[in-house]
Every structure is written in structure tokens, then in C-alpha cells.
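Some notes on the structure that comes next.
The values are calculated or read from the model by the stated rules, or taken from the named source; none is laboratory data. All values reported here derive from a predicted model rather than from experimental measurement. FYI the Cβ positions are ideal-geometry reconstructions off the backbone, even for glycines, and counts take in every protein chain you see. Ligands, DNA and RNA are stripped out before the accessible areas are found, and what is left, the full protein with its side chains, is counted by its heavy atoms. Shrake-Rupley method; radii C 1.70, N 1.55, O 1.52, S 1.80 Å.
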Amino acid sequence: MKTSSSGPHASANASGLLLRGSLLLLALAGNASNAAERYQIDSTHTFSYFEYSHWGLSMQRSRFDTTTGTIELDRDNQSGSVEIDIDAASVSTGSDGFNQIMRSGDYFDSANFPKISFKSSALHFDGPQLTQVDGDLTIKGISHPVTLQISNFNCRFMLIYGKQACGANGSASILRSDYKLGRYVPFVSDAVTLHISVEAIKEY
């Protein structure tokens, strides 16, 4: 005698399958929402500069006009990565003659080492706030670990882009002699503070 596929048992099986399917979809949606978001650095609103003591007379500032890179950020899991590339030839001091000196082999040697790069190794949070990024800074092919101290970290939907955007200010202290940039030390200070004011736009 054949048993019918309809009835309370069939309904219970169908309900169970529906429930399991719903739970699976919720789990997948949860994983997707927790995935790292990828941001492209907006070069028009990103500004890199450095400051140093000039013969003990004043603190001088010079900048780089071109900074690019990507940021991956998972704020729920407090993780991510940062990659920043600075065009060494875009150094701008306010003097064409000094710009050429800074691009020469005595300093950044931009013809042979066109890129200054930072690649993160760890991101640190205090609650929802990004506070510190550890990584390696590479100048003239020489890499050393540095820590970017982060301030003014914010993320929000930007109507002008129609996308999410994040911004922050970061700074790190380095010794220029570590990167073969030590001409005129100690008269011009070896210690340099590198600042990066960055804004980045979510890719999708």
C-alpha cells in the first residue's frame, strides 16, 4: 500500500526545508555585511607632506602633490589593510630649484625610485575608532616599520559621490638617514614627521 506524500508530515518537511534555507540566506547575508569594504584613495582630497627643523631656525614643510592607493576596511571585525603610494617626483617645496634638488640622488632620487610606499601590517581600533596603523614605509628601496597615529577618522555616505567615503589624518615620525636621505644632518634635522590627510571612496 502506497503512502501519500501529502499531509502533516509533508508539510512539516517543507517547513523545515524553508526554515533551513532562510537561515542559510541570513548567514550568507551576515557574512557579506561583515566582509571588508574596498575604498579607492581620492587623490584630489588626499594630501601628503613632511616637516623638519631647518638649521634650528624654523619648522619647514614640503608636500607631495600625488598620492594614490587603496584601503580595505571591516569595521565590524576591526580589521583591514592600507596601501599608499606617493609619487616621489611630485615633491613640491615652493621653489622650482629646490624641487630639482629634492628629486636628485642626494635626496629622493625619483628617477630611480619613483614611488614612496606604505603597506600596512595591522590596524588598531579603540571601539569604533581607528587609532593606529602599523606597517612598512619604503623610500629609495629601503623599508622600515613605522606606525601611523590616526586622528579624525570618519566614514559616511557622501551625496556628492553617491557612495560611502572614509577619511582620516595620519602621522609618523621617521629618521631620514634611515632611508639614505641624511644630507646636512644634524644641521637640518634628521627627524622628520610625515603627515597624510586621506579621503577614500568605496569602490562598489
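Structure summary
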quantity: For segment 118-204: accessible area per residue (Å², 1.4 Å); calculated: 53 Å²
quantity: Positive-end residue of 189, 129, 144, charge dipole of segment 53-204 with Cβ unit charges; calculated: 189
quantity: Rounded accessible area of residue 158 (nearest 10 Å², 1.4 Å probe); calculated: 60 Å²
quantity: Amide hydrogen neighbours beyond the local backbone of residue 146, cut-off 5 Å, H modeled; calculated: 135, 136, 137
quantity: Accessible area, probe 1.4 Å, largest first, for residues 113, 157; calculated: 157, 113
quantity: Exposure ranking of 67, 131 by accessible area [1.4 Å probe, largest first]; calculated: 131, 67
quantity: Whole-number percent relative contact order across segment 140-204, with pairs defined as alpha carbons under 8 Å at least 6 apart; calculated: 34 percent
quantity: Net length gained if the chain between residue 45 and residue 124 were fully extended (0.36 nm per residue, minus Cα distance); calculated: 26.1 nm
quantity: For residue 182, net neighbour charge (Lys/Arg +1, Asp/Glu -1) across residues whose Cβ lies under 15 Å away; calculated: 0
quantity: Carbon and sulfur %, accessible surface of segment 102-187 computed with the full protein complex present, 1.4 Å; calculated: 52 percent
quantity: Relative contact order (percent, whole number), segment 33-118, Cα cutoff 8 Å, 6+ residue spacing; calculated: 25 percent
quantity: Cα-projected label distance for residue 66 with residue 177, points at 7 Å along beta-carbon direction, nm; calculated: 3.3 nm
quantity: 29 Å Cα-Cα reach of residue 140 towards lysines, excluding residues that sit fewer than 8 places from it in its own chain; calculated: 115, 119, 180
quantity: For residue 72, solvent-accessible area (1.4 Å; no DNA, RNA or ligand), Å²; calculated: 70 Å²
quantity: Spin-label pair residue 74/residue 140, simplified geometry with 7 Å Cα→Cβ offset, distance in nm; calculated: 3.9 nm
